[in-house]
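The structure under discussion appears below in the form of structure tokens.
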Amino acid sequence: MSGAWNGGMMKIAVCFDTPSAGLEHADFKEELEAEVAEAEYDVAQALIENGHEVYLVGFHDNLRRLLDRLENFEPELVFNATESFMGKPRYDYGVTALLEMKGYRYTGSSPEALLLARDKATSKKILEYHSINVPRFTDFPVDEEITEPDIGFPLIVKPTHEDASVGIAQSSVVGDFAGLRERVEFIHRSLNQSAIAEELIDGRELYVGIIGNRRLEILPTVELIFEKIDDPAKRIATYSAKWDLEYRNRWGIKNIFARRIGQEALEEIQRAATLAYTALGLRDYGRVDFRLTKDQQAYVIEVNPNPYISFGEDMANSAERAGMNYNQFIERIVREALKRYEKA
């Protein structure tokens, strides 16, 4: 990470969730200096190298502590790196809502956008309304009868309110109603939330990063490839496929810049990504995930506000491919957020 920003120093608080309570800025600074691999430390280091005064505000379950630290530091901007509250991703919007109610300027999407995008069923209904291709789907709320859907198998069953492929495994793909019922009941029981069952789209898995607000920049597309898996039902982005290095190496799973995409399909992917980003109210940066079939039909499978932006990961790599080193990429997010507030 190199290349300092010369656009003026600001006081920026990096706000993030932690698995334990009671830690302070000095503790987080020690971890940053020890190069502990966490997205918030990569962001903070980039901001420091860009000349900003940075304060690390980690929290677990004590929002009073969070507000006290922000009040003492008086940041000009909060870089929101929150992924969950008390370990539950579905509550990340609450932290953002608190920042908004207290009048802090912050990076990334609003509470409303985080809520909408987190709800896979509701977000797909909105995308359908905007004539964006999504897989056919049905949802199964907790405590309601599980009935046979009117869409064909195979289906992939996911928790409705998780991200980062939490709750998705090879057993998520089901070929009959008995398998569907078993997987839905598993999600109800283990994650205490509704489930969504979608058509399994046989195709390439593509990730499209976007930066901006009124004027959007689409970053180079990333593709998840499965070199040692031939069965389409097993070529899915499970939790292990995304995060387990040993599993990825064993099955030849890699994130690469997308191989050649036909011009018409590319234009449709970019159109759908832009429209999905706007329809769900994403801000500053985001990612739209697609499946592209052999006959070049593109389906949006998920929209991700505030996606993972650690150094060396997909969004950062796409930004670098577009001409921004990591420090410039992080600063771009800061500047996009500031422009929103200047125009408000």
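The values are calculated or read from the model by the stated rules, or taken from the named source; none is laboratory data. Note that this is a predicted model, so its numbers are computed, not measured. Quick reminder, even Gly has a Cβ in these numbers, built from the backbone with ideal geometry, and neighbours come from all protein chains shown.
Here are a few things to note about the model shown:
- Test: residue in segment 147-154 that is surrounded by 14 or more Cβ atoms within 10 Å (Cβ to Cβ) and touching a residue at least 60 places away in the same chain (Cβ under 8 Å): yes
- Qualifying residue in segment 236-258 (condition: more than 19 Å from F290 (Cβ to Cβ) and of a type in the set (S, T, N, Q)): yes
- Counted residues, segment 136-170 - those being within 26 Å of R283 (Cβ to Cβ) and either assigned to a loop (DSSP other than H, G, I, E, B) or among the polar types (S, T, N, Q) (or both): 7
- Considering residues of segment 281-305 that are in contact with a helix residue (DSSP H, G or I) (Cβ under 7 Å, 6 or more places away or on another chain) and in a loop (DSSP other than H, G, I, E, B) only, the residue surrounded by the fewest Cβ atoms within 10 Å (Cβ to Cβ): Q296
- Of the residues making up segment 28-60, those that are surrounded by fewer than 13 Cβ atoms within 10 Å (Cβ to Cβ) and either touching a Ser or Thr at 6+ places or on another chain (Cβ under 6 Å) or more than 22 Å from Q328 (Cβ to Cβ) (or both) are E30, E33, A34, V36.
- Matching entry among I126, I156 (being in contact with a strand residue (DSSP E or B) (Cβ under 8 Å, 6 or more places away or on another chain) and β-branched (V, I, T)): I156
- Counted residues, segment 86-105 - those being in contact (Cβ under 8 Å) with a residue 12 or more places away in the chain, under 18 Å from E162 (Cβ atoms) and surrounded by fewer than 20 Cβ atoms within 10 Å (Cβ to Cβ): 5
- Listed by position, the helices (runs of 4 or more DSSP H) contained in segment 178-280 that have at least 2 residues being hydrophobic (A, V, I, L, M, F, W, C), over 17 Å from D314 (Cα atoms) and touching a helix residue (DSSP H, G or I) at 6+ places or on another chain (Cβ under 8 Å) are 263-279.
- Checking each residue in segment 319-344 for being acidic (D, E) and either surrounded by 22 or more Cβ atoms within 10 Å (Cβ to Cβ) or in contact (Cβ under 8 Å) with a residue 24 or more places away in the chain (or both) picks out E331, E336.
- Residues in segment 122-146 that are touching a Phe, Trp or Tyr at 6+ places or on another chain (Cβ under 8 Å), surrounded by fewer than 19 Cβ atoms within 10 Å (Cβ to Cβ) and under 17 Å from A279 (Cα atoms): N133 alone.
- Residue tally, condition under 22 Å from L275 (Cβ atoms) and at pLDDT below 95, over segment 216-247: 0
- In segment 25-38, the residues that are in contact (Cβ under 8 Å) with a residue 24 or more places away in the chain never reach a residue that is loosely packed, with under 14 Cβ neighbours inside 10 Å and of a type in the set (D, E, K, R) with C-beta atoms less than 7 angstrom apart, at least six apart or across chains.
- Filter pass, D17 being more than 17 Å from A337 (Cβ to Cβ), surrounded by fewer than 17 Cβ atoms within 10 Å (Cβ to Cβ) and in contact with a strand residue (DSSP E or B) (Cβ under 8 Å, 6 or more places away or on another chain): no
- Here the condition is being modelled with pLDDT of 95 or more, surrounded by fewer than 19 Cβ atoms within 10 Å (Cβ to Cβ) and not assigned by TED's automatic domain parsing to the domain that holds R235; of A164, A178, A169, it holds for A178 alone.
- Scanning segment 308-321 for residues that are part of a loop (DSSP other than H, G, I, E, B) and either among the hydroxyl-bearing types (S, T, Y) or closer than 14 Å to G212 by Cα (or both) turns up Y308, S310.
- Identity of the residue in segment 32-54, of a type outside the set (A, V, I, L, M, F, W, C) and under 24 Å from the mean Cα position of the chain (by Cα), that ends up nearest to K102 (Cα to Cα): E40
- Single match in E336, E342 (criterion: over 22 Å from D163 (Cβ atoms) and either in a helix (DSSP H, G or I) or at pLDDT 95 or above (or both)): E342
- Taking the criterion of being within 12 Å of R287 (Cβ to Cβ) and surrounded by fewer than 21 Cβ atoms within 10 Å (Cβ to Cβ), the only residue of segment 209-219 that qualifies is I218.
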